[in-house]
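Quick note: the coordinates plus some simple rules give every number you see, no bench work behind them. Keep in mind it's a predicted model, so treat the numbers as computed, not measured. Here the Cβ is made from the backbone with ideal geometry for all residues, glycine too, and neighbour counts use every protein chain on show.
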Amino acid sequence: MVIGTLGLKMHIETLDVLPDRGPQFIDLTDYVEDILDRSGIRNGMVVVFCRHTTAAVKINENEPELIKDMESILC
């Protein structure tokens, strides 16, 4: 849904992610890029958040060794 007022645009979309195990780190980059492409908006900000109480959004390099370390710490 694109909402526009006074020359400002906002695109709201829900992305459902279902992990198959826990803890799990899921790279959302491609999903977010697809949503941006569909929105038609080229300049601005992207807000990604999680509404679940036991999940989180973490911004980090997608580095395999770091992911392994983080998984081992959380297990």
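Below, the figures for the structure above:
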item	result
The chain - percent relative contact order, Cα under 8 Å, separation 6 or more	26
Cut-off 20 Å (backbone N to label point 7 Å along Cα→Cβ of E65), residues of the range 19-36	25
On Cα atoms only, tilt of 29-39 relative to the major axis of the chain in degrees	10
Spin-label model distance (nm) - V57 vs R21, 7 Å beyond Cα toward Cβ	2.6
Potential lengthening between M45 and T29 on full extension [0.36 nm per residue; Cα-Cα distance subtracted]	4.3 nm
More than 18 angstrom apart: percent of Cα pairs within the chain	51
Neighbour-limited loop hits for trypsin sites (Lys or Arg not before Pro), the chain (at most 11 other Cβ within 10 Å; DSSP other than H, G, I, E, B)	R21, R42, R51, K58
In Hz, Karplus ³J(HN,Hα) per residue of the range 40-55 (6.51, -1.76, 1.60; θ = phi - 60°; x = Gly, Pro)	x, 7, 10, 10, x, 10, 10, 10, 10, 9, 10, 9, 8, 6, 10, 10
